[in-house]
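*Asks:* Input: one structure, supplied below.
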Amino acid sequence: MAKTIAEINEKIKKGEAVVVTAEEIIDLVDEKGTQKAAKEVDVVTTGTFGPMCSSGAYFNIGHTRPKIKLGGGRAYLNDVPVYTGFAATDIYIGATALPDDDPRNKVFPGKFLYGGGHIIEEIVGGKDVKLRAAAYGTDCYPRKSLETWLNIKDLNEAVLFNPRNCYQNYNVAVNLSDKVIYTYMGVLQPNLGNANYCSAGQLSPLLNDPYYKIIGIGTRIFLGGGVGYVAWQGTQHNPTVNRGENGVPRGGAGTLAVMGDLKQMSPDWLVGSTFTGYGVNLTVGIGVPIPILNEEILKWTAVKDEDIYTQVVDYGQAYPSGKKESLGEVNYAQLKSGKITVQGKGVPTAGLSSYARAVKIAGLLKDWIKKGDFLLTETVQPLPSVDSGVTFKPLKERPIK
Amino acid sequence: MAKKRLVLTFPHKLVDQPITYHLIKDYDLMVNILRARVTPREEGRLVVELSGGKEPLDKGMNYLAELGVQIQPLAQDVQWHQERCTHCTACIPICPTQAFTLDRQEMTVSFDKDKCIACELCLPVCPYKAIEILF
Ligand code: SF4
Ligand code: SF4
């Protein structure tokens, strides 16, 4: 009864594909059992909407007259520095970039109200941004400075390219110290005042394909409201972690590098975010379709919040010092209930990844596929999995004498 | 028993007057000061919760108005920009008055202005700057 992606695509083109979200599949499997559900369902859609620091976009702005070579020079978008180590008119802006004159954490905790993530949101939203650039001038590119408004519609290329997104599971952050701390996992109140988590759990793409049997290089995805692709495994991809009996990693594991045409995307699904005392970020909406090729793949997509476990980590001491210490395991049903128990104490929970938005993304992707607007892809190359030996290593520092 | 959360703005000349004393003593009101700010050569602003009988409360407010105190409901100074809210839920455990609540079925957040005491604890917590307190 195994199906192929080509067969599923035929059904999609005819408008006959049966598509459900990774939330809906849970009830369906409870009701019909995996065998019957695997026969009936063609595609399960997943979704996630969380802050992802390793995000950014590159642009080709077109040549000026006379020509300028930004490569090796300096350039700013709305006073936020962009990377110019490419050719004459290519620039890259990273989500966490800050204006040179931002006070950062000089007055602690820093506010970080504006940076790369916000600029990407504005550019996607069609707002003009101000480019200021200085170059050193060459015989072929004589011009030395440039100040101009830019708009996404005039750029030759505008491409979102995120080296690490879509973490397969993540730590729950708590604070055992006696002072408030400000982290990328949010504001953590002292003495276990709150526990912050950041995953869409049962809807999260890689938690529905724990061994990367479907999601690989070349997979077509929903990215920021448009169509994107998995370009590579993400940085820090770590498939060889501890897993539960259901194959699901019990903490941060796989990641994806993703890219897509920014011109098709929308500021609803690419939102600049601010983490007090930490910095600026970009919250990215991603949805990945999983073709139900056989019963095993379906079983994985039916994973429930209560079957996905992760580690509670102290960001007061253990995390910043680089110690791998867990204060215990909790599952996403517990996290979403509003309270978990850590060291015998009830701790209220808060999310950073929006489950409500993940539901919407999985729903939108489902609609696209049902309407025949979105076809599934074969992967070009699988991601490194448990047998790859790939691990996430700390830096081996070698002092420079 | 009636209750009102108000932002009171005192002109400079009233800043040193024992007005809360009169509200308590003469109008038999409970005065819960939530926040206060007085700056030299400027006006003073007070976020208060006044509670008492309906009639004394009305009379007390008249007294304030006659003195020249500007009265505004607190809810006007608090804004939740719903279109910026992503329903991340980061504000849920921090809010002391449950002005923010979470529907755990849908995982969507809603905000009840009338419960907010403008403590500003949620401001550094919200990654999307969805809450604005004008006080
Ligand atoms: S200011 Fe924020 S935390 Fe304080 S009561 Fe209002 S909503 Fe709650
Ligand atoms: S922290 Fe801000 S964005 Fe998140 S749910 Fe609360 S108001 Fe909405």
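The values are calculated or read from the model by the stated rules, or taken from the named source; none is laboratory data. Quantities reported herein were computed from a predicted structural model and do not represent experimental measurements. Neighbour counts run over all protein chains shown; Cβ positions are idealised from the backbone, glycine included. Please note that ligands, DNA and RNA were not included when accessible areas were found on the heavy atoms of the full protein model with its side chains. Shrake-Rupley method; radii C 1.70, N 1.55, O 1.52, S 1.80 Å.
*Asks:* Rounded to two decimals, what is the ratio between the C-alpha radius of gyration of the protein assembly as shown and 2.2 N^0.38 Å?
*Replies:* Normalised by 2.2 N^0.38 Å, the Cα Rg of the protein assembly as shown equals 1.12.
*Asks:* With everything on Cα atoms, drop me the angle between helix B:54-67 and the longest principal axis of chain B, reported from 0 to 90° to the nearest 10.
*Replies:* 70 degrees
*Asks:* Now a separate question. Pull up all non-local amide H partners of residue B:131: gap of 5 or more, or a different chain, and H-to-H distance under 5 Å with H placed in the peptide plane.
*Replies:* Amide H neighbours of residue B:131, under 5 Å, 5+ apart: B:81.
*Asks:* What translational diffusion coefficient, in µm²/s and rounded to a whole number, does the Stokes-Einstein relation yield for region A:171-248 at 25 °C and a viscosity of 0.890 mPa s, taking the hydrodynamic radius as the Kirkwood radius over Cα pairs?
*Replies:* In µm²/s, the coefficient rounds to 160.
*Asks:* In addition: Can you check what the net charge comes to around residue A:299, using other residues whose Cβ is under 14 Å from the Cβ of residue A:299 (Lys, Arg +1; Asp, Glu -1)?
*Replies:* After counting each charged neighbour, the total is -1.
*Asks:* Evaluate the charge dipole of the protein assembly as shown about its Cα centre and quote only its size in Debye, nearest 20, assuming +1 on the Cβ of each Lys and Arg and -1 on the Cβ of each Asp and Glu.
*Replies:* 1200 debye
*Asks:* Which FRET efficiency value, to the nearest 0.05, is calculated for residue A:32 and residue B:106 with the Förster distance at 22 angstrom and r the Cβ-Cβ distance?
*Replies:* Plugging the Cβ-Cβ distance into 1/(1 + (r/R0)^6) gives 0.35.
*Asks:* Lysine pairs, Cα distance under 30 Å, 8 or more residues apart or cross-chain: how many in chain B?
*Replies:* Number of lysine pairs found: 27.
*Asks:* Give the distance, in whole Å, between the Cα centre of region A:243-280 and the Cα centre of region A:127-168.
*Replies:* About 24 Å separates the Cα centre of region A:243-280 from the one of region A:127-168.
*Asks:* Residues of B:45-55, mean number of Cβ from any other protein chain within 10 Å of their own Cβ, rounded to a whole number?
*Replies:* Other-chain Cβ atoms within 10 Å of each residue's Cβ, averaged: 0.
*Asks:* Moving to a separate point now. Taking every alpha carbon pair in region B:2-76, what does the distance histogram look like in 10 angstrom bins from 0, in percent?
*Replies:* For region B:2-76, the pair-distance distribution reads 20, 59, 20, 1.
*Asks:* Follow-up question, since we're still on this one. Could you work out the mean count of beta carbons from other protein chains within 10 Å of each residue's beta carbon in A:354-360?
*Replies:* For peptide A:354-360, the averaged partner shielding equals 6.
*Asks:* Taking each residue in B:79-91, count the Cβ atoms of any other chain within 10 Å of its Cβ, then average. What number comes out?
*Replies:* Partner-chain Cβ atoms within 10 Å, mean over residues of B:79-91: 5.
*Asks:* When all C-alpha to C-alpha distances in chain B are sorted into bins of 10 Å, what percent of pairs does each bin hold, rounded to whole numbers?
*Replies:* Histogramming chain B at 10 Å steps yields 11, 38, 27, 18, 5, 0 percent.
*Asks:* Let me ask something additional. Select from B:23, B:6, B:76 the residue farthest towards the positive end of the dipole of region B:2-76; place +1 on Cβ of Lys and Arg, -1 on Cβ of Asp and Glu, and compute about the Cα centre.
*Replies:* It is B:76, whose Cα lies furthest towards the positive end.
*Asks:* Would you mind classifying region A:23-109 by shape? Square roots of the alpha carbon gyration tensor eigenvalues, ordered a ≥ b ≥ c; an a/c under 1.5 is rounded, otherwise it is prolate if a/b is larger than b/c and oblate if not.
*Replies:* oblate
*Asks:* Ok, one more. If the cut-off is 14 Å between C-alpha atoms, which aspartates and glutamates fall inside it for residue A:13, apart from same-chain ones fewer than 8 positions away?
*Replies:* A:42, A:367, A:373
*Asks:* With just the Cα atoms defining each centre, how far is region A:306-335 from region A:345-399? Give it in Å.
*Replies:* Rounded to whole Å, the Cα centres lie 19 Å apart.
*Asks:* If you don't mind, another one. Collect residues whose amide H, placed 1.01 Å from N in the peptide plane, falls under 5 Å from the amide H of residue A:212; neighbours closer than 5 in sequence don't count.
*Replies:* none
*Asks:* Excluding ligands and nucleic acids, what accessible area in Å² is computed for residue A:240 using a 1.4 Å probe, to the nearest 10?
*Replies:* 50 Å²
*Asks:* Oh, and also: Sorted by packing (mean other beta-carbon atoms within 10 Å per residue), highest first, where do B:79-87, A:35-43 land?
*Replies:* Result, highest mean first: A:35-43, B:79-87.
*Asks:* Cut-off under 25 Å on the C-alpha distance; same-chain residues fewer than 8 positions from residue A:396 excluded. Which lysines are left, in chain and number order?
*Replies:* Within the straight-line cut-off, residue A:396 pairs with A:323, A:324.
*Asks:* Return the lysines within reach of residue A:106: Cα separation strictly under 20 angstrom, same-chain partners fewer than 8 residues apart disregarded; answer none if there are no such residues.
*Replies:* A:179
*Asks:* On to the next question. Which of the chymotrypsin sites (Phe, Trp or Tyr not before Pro) found in region A:99-166 are loop residues per DSSP with 14 or fewer other Cβ atoms within 10 Å of their Cβ?
*Replies:* Counting only loop positions with at most 14 other Cβ atoms within 10 Å, the chymotrypsin sites (Phe, Trp or Tyr not before Pro) in region A:99-166 are A:136.
*Asks:* Can you give the three extents of the C-alpha atoms in region A:297-370 along their principal axes, from longest to shortest, in whole Å?
*Replies:* 48, 25, 23
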